[in-house]
Amino acid sequence: MASAGVAAAKRLIPLFDRVLIQKSEAITQTKGGIVLPEKAQAKVLKGRVVAVGPGSRNEKGDHVPLSIQVGDTVLLPEYGGTKVTLEEGKEFHLFRELDILAKLES
């Protein structure tokens, strides 16, 4: 991701338990060099965390921090999240921490 896109995303601070994610690029070409049409491309279910909110509060009012940090690679649900388009046409998605399926180890 270009540094201009990161700078624009860092100005957007998610609230509560929300996480700002940039989805990974879809595979458009096979290893053998065959170009895949858009309809044949698999949905992108991975992304990189760009920003996180401060966390939510439990019933007692205590602060519950997020278990996901900036820079983590996560597995996303097929549907959900809110699409956010920032400067230069960069597309990000806002998810609640509970909606994120898993954190992927590098």
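Using 0.36 nm per residue, how much length does the chain from Tyr79 to Lys103 gain when fully extended, once their Cα-Cα distance is taken away?
Result: 6.9 nm gained on full extension.
Between Val70 and Lys31, what FRET efficiency follows from the Cβ-Cβ distance if R0 is 41 Å, with the result rounded to 0.05?
The calculated FRET efficiency here is 0.85.
Amide H to amide H, which residues 5 or more places from Ala51 or on other chains are under 5 Å from it, using H placed in the peptide plane?
Residues meeting the criterion, in which the H sits 1.01 Å from N, are Leu20.
Given a Förster distance of 30 Å, report the FRET efficiency between Ser24 and Glu59 from their Cβ-Cβ distance, rounded to the nearest 0.05.
So the FRET efficiency works out to roughly 0.25.
Since every read-out is calculated from the coordinates, none of them should be taken as a lab result. Bear in mind the structure is a predicted one, so any value in this text is a computation, not a measurement. Note that we place each Cβ from the backbone using ideal geometry, even for glycine, and neighbour counts take in every protein chain shown.
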